[in-house]
Structure formats: structure tokens, C-alpha cells
């Protein structure tokens with residue numbers, strides 16, 4: 001195979017509300033932690049063991065604003081994106097590394113009327129009824145010129 005692939009698909013629960021950062025050029029960035037769980041039975045003791053893995057999710061521009069508006073702590077969400085490792089210096093000048101999931105696509109899985117509590121879909125209601133279209137364009141990470149941006153059917 002000559003090409004490479006950097007693709008991540010996660011289903012988990014948000015660990016906090018989306019924290020937004022706005023830039024002078026009109027762009028925005030949203031960050032939130034996402035927890036995924038692995039559960040298994042220990043063969044020697046017979047007890048069930050659950051391990052939680054935390055992921056730092058980064059969403060940009062319009063997708064970030066949609067996440068800020070609809071995602072709350074504890075909501076279940078499907079995230080698709082790519083792994084990105086950043087290198088930075090802390091306040092003491094020590095080099096640090098952060099591994100993040102740069103989100104390119106997402107779907108809210110917690111029904112809107114459950115607001116932050118994970119669980120079953122009550123009365124068979126569908127997420128499509130409860131949320132507007134929430135899939136960002138594939139060029140989410142490209143700098144967008146508002147004059148060139150296509151019109152979409154989102155109500156906001």
C-alpha cells in the first residue's frame with residue numbers, strides 16, 4: 001500500500017461542556033474531553049473491570065459552534081476525525097505534548113430531551129427529529145472566506 005491513513009472513530013460520553021476560543025479572523029475552536037470505556041471480566045477473579053480512556057477532541061469553526069450549542073457534559077456522541085500530536089511549552093518552559101482528535105464529522109447520540117443523561121432513546125424518538133443536520137463540511141479545517149462559503153440549510 002502506497003498511501004497512509006489517519007482516521008479515528010469514537011463513541012463516548014462528553015466529560016465537560018465545549019470550551020470555545022474565538023479568533024480575530026472570525027474562526028473558532030471548540031475543545032471537550034470524550035470518555036470511552038472498555039469492560040471485561042477478569043478471568044482469575046471473575047469480577048467485571050471497566051477501563052476509561054479520555055480523548056481530547058478539537059472541533060473548528062461552524063462545527064464548533066454547533067457542538068457548543070447542543071453538546072453538554074455527559075452526552076453521548078459519535079466522533080470521526082484524525083489524530084494530531086501538538087508540541088508546546090508550559091509556563092516553566094518545559095516542552096509538553098498533547099494528542100488530540102481533530103474532529104471532521106460527528107453525530108449526536110443522546111436524544112435532545114434527555115439533556116446530558118446517557119441512556120435509552122425514550123418512546124423510540126429519533127435523533128434526526130431532535131437535532132438539526134450536524135455534519136460539518138469536509139473542509140472544516142480549511143480557512144473559509146465567508147463570501148465564498150456555500151449557503152446551507154442550517155437554521156443558525
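Coordinate-derived values only; no laboratory data. Since this is a predicted model, take the numbers as computed values, not measurements. We place every Cβ from the backbone using ideal geometry, glycine too, and count neighbours over all the protein chains shown.
Hey, what did segment 8-130 get for relative contact order, percent, Cα under 8 Å, at least 6 apart?
Values: 250 pairs, mean separation 30.9, N = 123.
Result for segment 8-130 is 25 percent.
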Given a Förster radius of 35 Å and the C-beta distance between residue 69 and residue 49 as r, what FRET efficiency does 1/(1 + (r/R0)^6) yield to the nearest 0.05?
0.45
Distance from the Cα centre of segment 61-84 to that of segment 1-58, in angstrom?
11 Å
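Quick check on packing: order 100-110, 24-34 by the mean number of other C-beta atoms within 10 Å, highest mean leading. Mind dumping the intermediate values first?
Details: 100-110: 19.1, 24-34: 15.6.
Output ranking for 100-110, 24-34: 100-110, 24-34.
Pop the C-beta distance of residue 23 and residue 78 into the FRET formula with R0 = 30 Å and round what comes out to the nearest 0.05. Working shown, then result.
Working: r = 27 Å, r/R0 = 0.90.
With a Förster radius of 30 Å, E is 0.65.
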